[in-house]
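Down below is the structure, laid out as structure tokens.
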Amino acid sequence: MAVIAVVGGQWGDEGKGKIIDLLAEKAKIVVRFSGGDNAGHTVINPYGEFRLHLVPSGIFYPQVTCIIGNGVAINPAVLLEEIDDLQSHGVGISRLFISDRAHLIMPYHILLDRLEEERRSKGALGTTLRGIGPVFADKVARVGIRTGDLLDRDIFLSRLKSALELKNIILTKVYQAPLLRLEEIYQQYCHYGERLMPFIRETSSIIREAATRGETVLLEGAQGALLDPDFGTYPYVTSSSPLAGASCIGAGLGPRGIDRVLGIFKAYNTRVGAGPMPTELKTKIGNLIREKAREYGATTGRPRRCGWFDAVAGRFSVQINGLSDIALTHLDIYDGFPSVKICTAYRFKGEALTSFPSDAVVLEKCQPVYEELEGWQESISGIRNFRKLPAQAHKYLSRLEDLLSCPISLVSTGPDRRQIIERNPKSEV
Ligand code: IMP
């Protein structure tokens, strides 16, 4: 029984949905703590295949209370669509709660995200165009609108009026875009509010009380460490923190309340959108990984950039998250590879770098230094026992553990719930 933060260790899309789905079986509460519908968690289970953007991946278990925490930005249209889809597949949503402190994505956020990407042109960040940058900018600028505001139409109207006044000046004068109409947005969001009202409440107390009772609480991250606005490849980052530290703030817990921090990594690296990625493979191998693993964005459908595992970035991620252990996903993608490589250092201006640079311009110029390991030829996708993995896979995992200084406790060998190896690294030594 513990509070466990589950976070992405790379540039997102590491397979957090599957791992949360697995761990949620023994949990009482699952909380999404950051991001918005830029995230897309794929879950395959007996109900079917789902791409969850906002609802926590624990929703499929009847004993789990799911919370969309205060740290999440919510597009109500997307959330309602997700709720309807879950209900139509027979998944109960009566245990879903939405923090009244979570910020709302408004139509102008989505519009401004697109207009700003167009303005940046060649320098575009490659955002998901979901309004994420603008909504979190408004949050810290103290002009945001929160889900709780929907509970009182007068408060909502006055906040919307004041926000829209400024947004319309920016839209028309800076971007030469048409005005947005107050009445239209007001009516639309009042309708969303009516539907979402039963779910909206103060949620941090539910989480703290469950933690005090010793129940298992999962804090579900979105995106990955390398997209963090402070520690990621700035400015090619997202706008809320995907790090374990943010799970406290995004849920309403103190840092001492977290017992375990589980980092999710893929056996290789992927990235969507712009920004440096030293191990990117613009070769047949990169394409092979992409096609074998269906590496296309769950939210935008964009092809993901694929490459070898970057242990320099990985080690940094272990450190800034304070990871206790790692779940390594997609190991089966390497089945049949004659060899696999791991980036153990970068070469920059003739020197070897073993730490992750803070400047994206430096990272852009870094050349990966690889270690090559023998691959395995058999399929590992049915294996449930760690000892039954081929010797080459053992070597790969143990080399990653050495390089990252962190134990691997879970290995995923396929998309299905059952394709997982649970392991206690200490019992094997
Ligand atoms: P934004 O979060 O939509 O503003 O996008 C900023 C950057 O983060 C872009 O490079 C996106 O592709 C990336 N990004 C945002 N969410 C995800 C995700 O869930 N998985 C992978 N990349 C993401």
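Only one of the numbered conditions (1) outside any strand (DSSP E or B); (2) closer than 30 Å to R114 by Cα; (3) out of contact with any His (no Cβ under 8 Å at 6 or more places or on another chain) is violated by C306, and that is (1). If the condition is being under 23 Å from S355 (Cβ atoms) and open to solvent by 10 Å² or more (accessible area, probe 1.4 Å), then the stretch 228-255 contributes P229, D230, F231, Y234, P235, Y236, V237, T238, S241, L243, G245, A246. For the stretch 402-424, the candidate set comprises residues that are in a helix (DSSP H, G or I) and touching a residue at least 40 places away in the same chain (Cβ under 8 Å); within that set, the residue that is surrounded by the fewest Cβ atoms within 10 Å (Cβ to Cβ) is L403.
Of all residues in the stretch 14-34, exactly one satisfies the criterion of being open to solvent by less than 10 Å² (accessible area, probe 1.4 Å), acidic (D, E) and not in a loop (DSSP other than H, G, I, E, B), namely D21. Entry remark, the stretch 266-303: residues being under 19 Å from F337 (Cα atoms) and either more than 13 Å from the ligand (Cβ to nearest atom) or not in a strand (DSSP E or B) (or both) number 19 in total. Of the residues making up the stretch 97-116, those that are open to solvent by 10 Å² or more (accessible area, probe 1.4 Å) and closer than 30 Å to I29 by Cα are F97, D100, R101, H103. Residues satisfying the criterion are absent from the stretch 316-339 (criterion: among the hydroxyl-bearing types (S, T, Y), away from the ligand (no atom under 14 Å from the Cβ), over 18 Å from the mean Cα position of the chain (by Cα) and under 22 Å from P229 (Cα atoms)). When restricted to residues that are within 10 Å of the ligand (Cβ to nearest atom) and either under 14 Å from G133 (Cα atoms) or open to solvent by 10 Å² or more (accessible area, probe 1.4 Å) (or both), the stretch 215-227 contains 2. Scoring Y189 on the criteria (1) open to solvent by 30 Å² or more (accessible area, probe 1.4 Å); (2) not assigned by TED's automatic domain parsing to the domain that holds P76 leaves a single failure, condition (1). Is it true that Q176 is outside any helix (DSSP H, G or I) and open to solvent by 40 Å² or more (accessible area, probe 1.4 Å)? Judged against the criteria, Q176 is a match. Within the stretch 256-292, being in the same structural domain as Y236 (by TED's automatic domain parsing) and at pLDDT below 95 holds for R256, G257.
The values are calculated or read from the model by the stated rules, or taken from the named source; none is laboratory data. Keep in mind that what you see is a predicted model, and the values were worked out from it rather than measured. Here the Cβ is made from the backbone with ideal geometry for all residues, glycine too, and neighbour counts use every protein chain on show. Heavy atoms of the whole protein, side chains included, go into the accessibility calculation; ligands, DNA and RNA do not. Shrake-Rupley method; radii C 1.70, N 1.55, O 1.52, S 1.80 Å.
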